[in-house]
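The values are calculated or read from the model by the stated rules, or taken from the named source; none is laboratory data. In this text, all values refer to a predicted model and were calculated from it rather than measured experimentally. Here Cβ is always computed from backbone atoms with ideal geometry, including for glycine, and neighbour counts include all displayed protein chains.
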Amino acid sequence: MPEQTEPDGTARRAALFGDIRLEPFSRINQIVARRMAESWKAIPHVTHFDAVDLKALQALTEKHTHEAQRAGFKLTWLPFVIKTCADVLAAHPRLNASINDAGDGLILKDYVNIGFAVDTPAGLMRPVIKRIDQKPWLEIAAEMNELADRSRSGRLPFEDAEGASFSITSLGRIGGHGFTPIINVPEVAILGISRAEPRARARPDGSFEHAMMLPLSLSYDHRVVDGAAAGRFMGDLIAGLEASG
Ligand code: CAO
């Protein structure tokens, strides 16, 4: 226990409850903390939960594994989710928009730039893959790996972390059945991905089959997107992902 008696009562509290240590926030922690609190205070968040059968995505990933290996990286299904999401966003422009500064209109974007969360030793980073609508999956996958590597090694230039029109955050193998991601201002929606798990799935005839299901959670700004629009977006996204191949 510290000997000195501070005017703010630290020594008294230490005597009562135990010692404490201060861990200063890193620069990234400070930025993320400020942005998350601003978003949470300003945006009426709603989260829509759903799940997609992984069968088609797994087959597609397996089919292209060697091609990716030849290009120098390990393929996961995330680049296909990013690509399909961009295609579906093009048909649902309100989820790819932002509210203008005056707060009286929507800025609709004729491009899809998707930011994706990367867990790094310095904290959470969010590089952005730009013009996904114009890129083939292999280029998206290579860029995703390159941006994730740069984020983890602290070599991500500022311009590679800005300009997103939508975000994806994959907790992937880390775990969880679902979570409520926080929207990155000025975007209006973010897709969360949790750990794939075996579930019983009803067939159209009412019987059940076992399927590996990937849980998805879409948080959206209820000032811009209503529940029906979010539900339709998720329906199209799931249909697109299950038809991958
Ligand atoms: N369910 C089960 N397994 C999963 C999975 C999921 N949803 N997503 C990925 N995996 C598996 C892959 O199949 C792969 O398995 P093998 O090694 O056996 O082939 C392995 O996990 C690869 O995962 P990965 O995390 O290295 O690769 P990725 O392309 O799925 O994700 C990236 C890349 C950068 C998004 C990820 O590494 C990352 O940093 N995620 C954390 C993001 C985060 O912190 N989000 C929270 C932000 S909000 O606080």
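List of remarks:
- Residue list for the stretch 28-40, restricted to those being touching a residue at least 40 places away in the same chain (Cβ under 8 Å) and of a type in the set (Lys, Arg): 35
- Tally, over the stretch 84-106, of residues that are touching a residue at least 24 places away in the same chain (Cβ under 8 Å), outside any helix (DSSP H, G or I) and among the aliphatic types (A, V, I, L, M): 3
- Residue 157 passes every criterion in (1) touching a residue at least 60 places away in the same chain (Cβ under 8 Å); (2) out of contact with any strand residue (DSSP E or B) (no Cβ under 8 Å at 6 or more places or on another chain); (3) not hydroxyl-bearing (Ser, Thr, Tyr) apart from (1).
- Just one of the listed residues (165, 217) is within 12 Å of the ligand (Cβ to nearest atom), under 13 Å from the mean Cα position of the chain (by Cα), closer than 22 Å to residue 40 by Cα and among the small types (Gly, Ala, Ser), namely 217.
- Within the stretch 125-160, the set of residues being within 14 Å of the ligand (Cβ to nearest atom), over 16 Å from residue 74 (Cβ atoms) and surrounded by fewer than 16 Cβ atoms within 10 Å (Cβ to Cβ) comprises 153 only.
- The stretch 180-214, subset among the hydrophobic types (A, V, I, L, M, F, W, C), within 11 Å of the ligand (Cβ to nearest atom) and not in a loop (DSSP other than H, G, I, E, B), residue surrounded by the fewest Cβ atoms within 10 Å (Cβ to Cβ): 212
- Residue within the stretch 42-55 that is polar (S, T, N, Q) and either at pLDDT below 90 or in contact with an Asp or Glu (Cβ under 9 Å, 6 or more places away or on another chain) (or both) present: no
Listed here are the residues, each with its yes/no results for (1) more than 19 Å from residue 85 (Cβ to Cβ); (2) within 18 Å of the chain's Cα centre (by Cα); (3) among the aromatic types (Phe, Trp, Tyr).
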residue: 188; (1), (2), (3): no, yes, no
residue: 197; (1), (2), (3): yes, no, no
residue: 211; (1), (2), (3): yes, no, no
residue: 230; (1), (2), (3): no, yes, no
residue: 243; (1), (2), (3): no, no, no
